Amino acid sequence: MTRAVIFDFGGTLAQTKTPWDTVCNRIAERLEYMDIDVDPVDLEEAVKETIEYRYQRHTLGLELDSYQFFNHALEKLGHNVPVDVTDELEQMVYDEGYTSFVDNLEETLMTLSEDYMLALLSNSWLEAPRQALRDHGYGRWFKAMVCSYDIGIPKPDPRIFRHTIDLLGVHQSEAVMVGDSLEADIKGALAAGLQAVLVDDGFSQWSGPKIMELSTLPGLLRTLDV
Ligand SMILES: [Mg+2]
């Protein structure tokens, strides 16, 4: 019996994009107030290397937080900033970023919440997924919202799935993970003993339950529970 539905964020609930050139310009301006002189173009390069570094860490089951993320980038340029500053830089990423939620999200969450507890489980080094859900009024539908930086462990590590179902108070077999990443969301969830539904672009080889539109999830879940 399914009692909980756990959603990935990017590619599942929303499409997101970060214009790093704009963000790095703002960061460079902010750092000038601290007499830290960085070239925005160099900074953008260092950020892109840090994004790669972060993905390498994921293969070791490790996630960065925003303090570690920004300082990894800035250390390449010979600088280091305190956590109150990285909090400000993180907010710049959110303010300049684009988040476009999927169609009919409110109705889908409302329908699902009649039968299931809902949760977020996002691989994120910053607060943006939770902040976007709250700012758009969707936060009230979620009983738990987990970002991987909370515990320093990303999907597909089974520990973050267990952390999330513990917050919900459900058994692993009572939870369904819904996400667009076969590796992180689907294989991770199955390894942790959850069920899984792939949000599919129509091209995956995955033969398990899948949907192309989130709005079709309530109907699919009813068939899985039979
Ligand atoms: Mg995703």
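The values are calculated or read from the model by the stated rules, or taken from the named source; none is laboratory data. Computed from a prediction, not measured in an experiment: that's the story for all the values here. Heads up, the Cβs are rebuilt from the backbone with ideal geometry, glycines too, and the neighbour counts pull from every protein chain shown. The area values use the complete protein model at the heavy-atom level, side chains included, leaving out ligands, DNA and RNA. Shrake-Rupley method; radii C 1.70, N 1.55, O 1.52, S 1.80 Å.
Computed quantities for the displayed model
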read-out: Charge dipole magnitude, Cβ of K and R +1, D and E -1 - segment 65-178, Cα centre, debye nearest 20; value: 380 debye
read-out: Span from the segment 1-41 Cα centroid across to the segment 113-129 one, whole angstrom; value: 18 Å
read-out: Heavy atoms of residue 106: accessible area, 1.4 Å probe, square angstrom to 10; value: 50 Å²
read-out: Residue with peak Gaussian network fluctuation, the chain [Cα springs, cutoff 10 Å], from 200, 42, 150; value: 42
read-out: Exposure rank, largest accessible area first [55, 149; 1.4 Å]; value: 55, 149
read-out: Residues whose placed amide H lies under 5 Å from that of residue 14, excluding near-sequence neighbours; value: 102
read-out: Other-chain or far-sequence residues with amide H under 5 Å of residue 145's (modelled H); value: 120
read-out: Calculated from backbone phi, Karplus (6.51, -1.76, 1.60) coupling profile of segment 152-169 in Hz, x at Gly/Pro; value: x, 10, x, 4, x, 4, x, 4, 7, 5, 5, 4, 6, 5, 5, 4, 7, x
read-out: Of all accessible heavy-atom area on segment 80-226, the percent that carbon and sulfur account for (1.4 Å); value: 50 percent
read-out: Å² of accessible area per residue within segment 1-155, as computed with a 1.4 Å probe and no ligands counted; value: 48 Å²
